[in-house]
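Visitor: I'd like to ask some things about the structure below.
Taken together, the values in this text are just the output of simple stated rules run on the coordinates, not laboratory data. Owing to the predicted nature of the structure, the values given are computational and were not obtained by experimental measurement. Counting neighbours? That spans all protein chains shown, and the Cβs are built from the backbone with ideal geometry, glycine included.
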Amino acid sequence: MSQTKEQLKKWIAVASGETPADTVIKNGRIIDVFNLEIIKGDLAIVDGMFIGIGTFKGEQIIDAENRYVCPSFIDGHVHIESSMVTPAEFSKVALPHGVTTVITDPHEIANVSGTDGINFMLDNSKNIPLDVYFMLPSCVPATSVENSGAELTASDLEPFYNHPNVLGLAEVMDYPSLRTAADSMIDKITMTSKYSMQMDGHLAGLDPDAINVYKAAGIKTDHECNTVEDAKERLRRGMYLLIREGSIAKDLKSLIPVVNHNNARRCLFCTDDKHLDDLIQEGSIDYNVRSAIRYGLDPLIAIQMASLNAAECYGFRQKGAIAPGYEADFLLLDELGSINIKEVYKSGQLVARDGEYVGSLVKKENPGQKLLNTVKVPELEKKDLQITIAKTGSANIIGIIPNQLMTNHLQETVVAENGVFVPSRKMDQQKLVVVERHKNTGNVGLGIIKGFGFENGAIATTIAHDSHNIVATGMNDEDLLLAVKTLGEMNGGLVIVKNGEILASLSLPIAGLMSDRGFRSIAAGLQQLKKGLADLGFNGGFNPFLTLSFLTLPVIPALKLTDLGLFDVKAFQHIEVSP
């Protein structure tokens, strides 16, 4: 934060006790994230900044009533699009959970709408009470083995570095291009290095040699660990470890044991992808902190990870602590162990109380037609969904792992009639379909999935990481076809169909990813979808729509489906369903 001469004089006068502060917090127990201690004293705030700890007079007094004064939380890596609401609406959900700063990667909307999508996210993040910083999408498209709606080169990205809220290059997930030093990837990295050394990694399923490659390229973070040994290897090589707890990828319980007093300063939290209903009910980074404490981590270390560590990782010199010279972004906690948030302050101003947003009215204009008309569905018939099965009756099947992004590569016998696959409730095998929706190619990828446990019907969505084609799964072709057609008619979203009837749907017209309505309306729609899933017989302990949306991501092992067909991630090639 730059200062004028007069402003600096004012700050010094307040810090020295000569002039009253704008605001003084009294009777608080201050969390010192530098020494991991609880201290006492008044806190002076001027122009939204902490100016001093000691004894002060102020124009306004906040009586903390012996509550803990805690630095607010920072989400180190989040895709706001995954909440299905715009940044402005997202702020109303994140702030009551103590999150005042997020580092976001808009590669979801960029894969659909390119630079128009990035500009929309930047514009919609202006003048809201949540600080939204951006990492530019490094992989649009994510890979060359699928079709997305856009392609972004280094020259497309470079102008965005003039924006004050752009920090660096987002998760580099195309490891083959990095490993072979492909010009398309190297150009983005060298271009970024002219403006910033902030570059995020994505090392899902990769060995320690790959960590060397990433570090040699100047990439310093990873959020794709799910074992202690993987985490240690990244920490040994000087990476920051982002411990993720999202709606589908839940790595915190398995990774918290790696954190100790020696390495904690290299660890922070992120949510990555979290649905709106989970954000409302569970929380955001506050849930990560609360969970870490429950699994045995020192509460002060957990808070330090969620604040100071995240700030330092991303180069924020004035965020992440309750101390002079730091932004007055803080929480009042009733209890330390449970992270019970009473109030949330942004730049010294109250923005949330008792779990509700109480800040200023945030209203934004809707995006233009380019972002509201992105779903192009071909005319499909039952024959387009047929999967031919070899005489052996064997097939390569995607086996889901509940609450994980990774899948298993299964080989099982399937039911076939006249040489064509038939879904089976008994064997828990159903059809998986990916329909290209950006360029009218007519591409339809087909596969078999195990683990959803549907008794009947189908579900479909235009949220399909990262190219965001239409993805659907179900027990019969008629319902699958209706689900896909309905998504085209509603310009994207989520839909549930059973016996030719639409049980529930949620429209997401902004790039097929986000709603143009308020978050409460979307939360109500998600509840209706949960009721519809129960009608299909689903009773698994995971979110089926979120799981479905990651079955198309061909950079995370082992088996995925794209619009070009079944994809073996480890071999990095398409394979036949039934060879």
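Visitor: Of the conditions (1) without any contact (Cβ under 8 Å) to a residue 12 or more places away in the chain; (2) within 15 Å of F567 (Cβ to Cβ); (3) of a type outside the set (G, A, S), E489 fails just one. Which one is it?
Guide: (2)
Visitor: Of all residues in the range 123-141, which are among the aliphatic types (A, V, I, L, M) and closer than 16 Å to H77 by Cα?
Guide: L130, V132, M135, L136
Visitor: Of the conditions (1) touching a Pro at 6+ places or on another chain (Cβ under 8 Å); (2) over 26 Å from E478 (Cβ atoms), P557 satisfies every one except a single condition; which number is it?
Guide: Of everything listed in (1) touching a Pro at 6+ places or on another chain (Cβ under 8 Å); (2) over 26 Å from E478 (Cβ atoms), P557 misses just condition (1).
Visitor: Since M191 meets every condition but one in (1) among the aliphatic types (A, V, I, L, M); (2) within 26 Å of N403 (Cα to Cα); (3) over 22 Å from the mean Cα position of the chain (by Cα), which condition does it not meet?
Guide: Against the list (1) among the aliphatic types (A, V, I, L, M); (2) within 26 Å of N403 (Cα to Cα); (3) over 22 Å from the mean Cα position of the chain (by Cα), M191 comes up short only on (2).
Visitor: Which condition does L410 not pass, out of (1) closer than 30 Å to G492 by Cβ; (2) surrounded by 15 or more Cβ atoms within 10 Å (Cβ to Cβ), if it passes all the others?
Guide: (1)
Visitor: Just to be sure before I move on: is S347 among the hydroxyl-bearing types (S, T, Y), within 30 Å of D116 (Cα to Cα) and more than 24 Å from the chain's Cα centre (by Cα) in the structure I sent?
Guide: no
Visitor: Is the range 47-64 home to any residue that is more than 20 Å from G325 (Cα to Cα) and touching a residue at least 40 places away in the same chain (Cβ under 8 Å)?
Guide: yes
Visitor: Working carefully through the options K570, K560, find the one that is buried (at least 21 other Cβ atoms within 10 Å of the Cβ), among the charged types (D, E, K, R) and farther than 21 Å from G488 by Cβ.
Guide: K560
Visitor: Considering only residues that are closer than 15 Å to K498 by Cβ, among the small types (G, A, S) and out of contact with any Leu (no Cβ under 6 Å at 6 or more places or on another chain), which ones fall in the range 508-555?
Guide: Matches in the range 508-555: A534, G537.
Visitor: How many residues does the range 364-404 contain that are touching a strand residue (DSSP E or B) at 6+ places or on another chain (Cβ under 9 Å) and either surrounded by 15 or more Cβ atoms within 10 Å (Cβ to Cβ) or among the polar types (S, T, N, Q) (or both)?
Guide: Here the count works out to 25.
Visitor: Identify, please: which residue in the range 247-268 is touching a helix residue (DSSP H, G or I) at 6+ places or on another chain (Cβ under 8 Å) and in a loop (DSSP other than H, G, I, E, B) and is, among those, nearest to L548 (Cα to Cα)?
Guide: Here the residue is I248.
Visitor: Quickly run through the range 13-36 and pick out the residues that are out of contact with any strand residue (DSSP E or B) (no Cβ under 8 Å at 6 or more places or on another chain) and either surrounded by 15 or more Cβ atoms within 10 Å (Cβ to Cβ) or farther than 19 Å from R317 by Cα (or both).
Guide: A13, S16, E18, T19, L36
Visitor: Mind listing whichever residues of the range 161-209 are in a helix (DSSP H, G or I) and surrounded by 19 or more Cβ atoms within 10 Å (Cβ to Cβ)? If you could, list the steps in order and put the result at the bottom.
Guide: Here is the first cut: in the range 161-209, the residues in a helix (DSSP H, G or I) are 161-162, 175-179, 183-193, 208-209.
Within the range 161-209, Y175, S177, L178, M185, K188, T192 meet the criteria.
Visitor: Let me ask something else about it. Return the residues of the range 26-37 that are closer than 27 Å to L130 by Cα and either free of Cβ contacts under 8 Å to residues at least 12 places away in the same chain or within 34 Å of the chain's Cα centre (by Cα) (or both); say none if nothing qualifies.
Guide: G28, R29, I30, I31, D32, V33, F34, L36
Visitor: Can you name the residue in the range 423-466 that is touching a residue at least 60 places away in the same chain (Cβ under 8 Å) and among the hydroxyl-bearing types (S, T, Y) and is also farthest from K498 (Cα to Cα) among such residues?
Guide: Per the stated criteria, the residue is T441.
Visitor: Let me ask another. Residues of the range 404-459 being aliphatic (A, V, I, L, M), outside any strand (DSSP E or B) and under 21 Å from K382 (Cβ atoms), which ones?
Guide: If the condition is that a residue be aliphatic (A, V, I, L, M), outside any strand (DSSP E or B) and under 21 Å from K382 (Cβ atoms), then V414, V415, V422 are the ones that fit.
Visitor: What are the residues in the range 194-240 that are in contact with a strand residue (DSSP E or B) (Cβ under 7 Å, 6 or more places away or on another chain), among the small types (G, A, S) and within 11 Å of V172 (Cβ to Cβ), if any?
Guide: G201, G218
Visitor: Continuing with the same structure: I'm checking my understanding of the structure. Among residues of the range 389-403 that are of a type in the set (V, I, T) and assigned to a strand (DSSP E or B), which one is nearest to S549 (Cα to Cα)?
Guide: I400
Visitor: Among the residues of the range 138-160 satisfying the criterion of being of a type in the set (S, T, N, Q) and in a loop (DSSP other than H, G, I, E, B), which is farthest from G117 (Cα to Cα)? Please lay out each step first, then the result.
Guide: The first filter runs over the range 138-160 and keeps only residues of a type in the set (S, T, N, Q), leaving 138, 143-144, 147-148, 153, 155.
Cutting the leftovers down to in a loop (DSSP other than H, G, I, E, B) gives us 138, 143-144, 147-148, 153.
Numbers: S138: 14, T143: 19, S144: 20, N147: 17, S148: 13, T153: 15 Å.
Selected residue: S144.
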